[in-house]
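> Have a look at the structure that comes next, please.
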Amino acid sequence: MSGNLDPHTMVQCAAYRPKDYVEDPNSRSRGAPSLDPPFQVVVHPDAVFVADLHAHLATCEIIGFLGGKWDEASKTLYIQAAFPCRSLVIDGDDGSTDVEMDPGSEIELRGIIENAQLEVVGWYHSHPAFAPDPSVRDIENQTSYQQLFQRPCTSKEKKPSEPFVGLIVGTYDTRRSSPVSLFRYFHTRGEKVSGGACREIYMPYEFIPGRRHFRSVLQDEERDRTRMFPMY
């Protein structure tokens, strides 16, 4: 999507229809959701808590993975835990508008998630002082993750499925009247655009997740190992 756009340009997510959405045939309002989500997202409250806590430990952007399970039969992505990751230190960058995972920390974290018998199903990062809308760079990163973690085609699908989501946590935006964090779950989908050579651009779409309680998914050993990580 980048083209000549500033990578920090914010893009408002389009909305999917909520689950059990019923369109009012008498409504004349415009801008109503027109697409059903390709899958449902269900989030454990513990995952939200850890991501929110991590985001409040720093005034710079933070980053981590989301662990969970994908249920092919019901087309549901279950997010069961958040795993804080160290960020990459970049000279001259204070981290207020950009964040990248430290490669060594990422490899170790993926091992912890696998040992917990979970899969990497998403990633999260924070927007400390501005709205939790994805930037052009966030959209590019999300698209890359979807392609990296895509699953093989089933007999009924024409292309691989990409059940992988990004979460943006909004924390310290002074323009808001409430101190409560904002959470935006999104993914990207390619859309054909005309004009000159026909090409595909990736646009962000927001999920409205469900909530569900699970058993604790991390054993004490895994919890201790994640606590050893510097969180930013």
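The values are calculated or read from the model by the stated rules, or taken from the named source; none is laboratory data. Computed from a predicted structure; not experimentally measured. Every residue, glycine among them, receives a Cβ derived from its backbone with ideal geometry; neighbour counts consider all protein chains shown.
> I need the full set of residues from region 137-156 which are β-branched (Val, Ile, Thr) and modelled with pLDDT under 95, in order please.
Correct list: Thr154 only.
> Return the residues of region 75-97 that are within 21 Å of Leu148 (Cα to Cα) and either part of a loop (DSSP other than H, G, I, E, B) or among the small types (Gly, Ala, Ser) (or both); say none if nothing qualifies.
Lys75, Ala81, Ala82, Arg86, Ser87, Leu88
> Tell me, which residue of region 129-147 that is of a type outside the set (Asp, Glu) and either without any contact (Cβ under 8 Å) to a residue 12 or more places away in the chain or not in a helix (DSSP H, G or I) (or both) is farthest from Arg189 (Cα to Cα)?
Ala129
> Looking only at region 43-53, count every residue that is surrounded by 23 or more Cβ atoms within 10 Å (Cβ to Cβ) and closer than 12 Å to Ser181 by Cα and tell me the total.
1
> For region 48-74: of the residues being part of a helix (DSSP H, G or I) and small (Gly, Ala, Ser), which is nearest to Pro37 (Cα to Cα)?
This residue is Ala51.
> Still on this structure: For region 77-105, name all the residues that are over 15 Å from the mean Cα position of the chain (by Cα) and either surrounded by 24 or more Cβ atoms within 10 Å (Cβ to Cβ) or in contact (Cβ under 8 Å) with a residue 24 or more places away in the chain (or both).
Hits for region 77-105 are Arg86, Ser87, Asp94, Gly95, Ser96, Thr97, Asp98, Ser105.
> Next question. Identify, by number, the condition in (1) surrounded by 23 or more Cβ atoms within 10 Å (Cβ to Cβ); (2) over 12 Å from the mean Cα position of the chain (by Cα); (3) among the aromatic types (Phe, Trp, Tyr) that Trp70 doesn't meet.
The one condition Trp70 does not meet is (1).
> Here is a list of conditions, (1) modelled with pLDDT under 85; (2) closer than 22 Å to His125 by Cα; (3) surrounded by fewer than 16 Cβ atoms within 10 Å (Cβ to Cβ); (4) under 22 Å from the mean Cα position of the chain (by Cα), and Arg175 meets all of them except one; can you say which number that is?
(4) is the only condition that Arg175 fails.
> Suppose we filter region 125-148 for residues that are within 21 Å of Asp71 (Cβ to Cβ) and among the hydroxyl-bearing types (Ser, Thr, Tyr); how many remain?
1
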